[in-house]
Every structure is written in structure tokens, then in C-alpha cells.
Amino acid sequence: MCSGNIVRNLSTSGPYPADAPGFGVGIGVEADTTVSGNVIENAPLYGMHIGWGPFMRNVVATANVIRKTGTGIAVTVVEGAGTAVISDNVIDGAQNGAIVGHRWAEPVTSDLASAGNAGYAHLTIERNHVR
């Protein structure tokens, strides 16, 4: 479980060469995790990064506040990825979309916050509040 954190004012540069997707991610999760009740602000890449390729499974992201980010939530839409539920989050000021499907580091969907799961059966995306 990842709960009750405040993550603010991140940078895209770091003290060593970054692995993908790079520096500037507020919270990243892969499998068997609930992400709830966090505040993420000023994360230049992603507020939250859910899954990497087909390795994501059993992730719930709910009741988080995500402000002033590049992308609010990046979630994998690669074939073979497991289930993710993204609901009841507040996403404010995400420049590149509130919730965007990715194939590894590449964004490949429109904003799923308004489009729902857009045909990706492994995703449940609902009741997120975007501003």
C-alpha cells in the first residue's frame, strides 16, 4: 500500500543516469498495490506512473490529489497487462492529459479520464475529477 504521502516539486534531472521513464515521476507502482490518499504536486513528467508494459497487475489508484503535472496518471495499455482501477482522483492542471495510456514510455491514447477505458478491458477508469 502507498498511502498518505505528500510528494512535491520534483525535477527531471538527477544525480545519476535515469532508467525509463526518467526522473520527475511522483509515485510509480507496478503490481499488487493500492495507491490512496496521496497528494502529488509539481511532478514534471507524471504525477503517477502505473505499470510498465505487461508487468502491471492488481493496482488500485483512488482518492489521490494530483496537481500541476506533465501527465496526471500514465497507465500501461500494453497487451498482457493486468487489471487497474483508477477512480475518484482529483487531477488539476495536468498539461498533457489527466489519465493517458502508454506503451512503455510512449503515450498512445487520448485522455482516458473523459474517454473511460477506451476499449482496454483491463482498465476501470471512473469518477475522476479533472480540472
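Quick rundown of the values:
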{"item": "Per-residue ³J(HN,Hα) for the stretch 25-38, Karplus 6.51 cos²θ - 1.76 cosθ + 1.60, θ = phi - 60°, Hz, x for Gly and Pro", "result": "9, x, 9, x, 9, 10, 8, 6, 9, 9, 10, 8, x, 9"}
{"item": "For M56, residues with placed amide H under 5 Å, excluding near neighbours", "result": "G82"}
{"item": "Choice from Y46, Y16, Y120 with maximal GNM fluctuation in the chain (Cα, 10 Å cutoff)", "result": "Y16"}
{"item": "Positive minus negative residues near T109 (Lys, Arg vs Asp, Glu; Cβ under 15 Å)", "result": "-2"}
{"item": "Proximal charge balance of V77 [Cβ under 12 Å; K/R count +1, D/E count -1]", "result": "-1"}
{"item": "Positive minus negative residues near E41 (Lys, Arg vs Asp, Glu; Cβ under 11 Å)", "result": "+2"}
{"item": "Tensor-based shape of the stretch 1-124 (alpha-carbon gyration tensor, a/c under 1.5 rounded, otherwise prolate or oblate)", "result": "rounded"}
{"item": "Residue order, fewest to most beta carbons within 10 Å, for E30, E106", "result": "E106, E30"}
{"item": "Unit charges on C-beta of K, R, D, E only; dipole of the chain, Debye", "result": "240"}
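Here, each number is a calculation from the coordinates, and none is a lab measurement. Please read these numbers as outputs of a predicted model, since none were measured by experiment. When we count neighbours, we look across all protein chains shown, and the Cβ atoms used for this are built from the backbone with ideal geometry, even at glycine.
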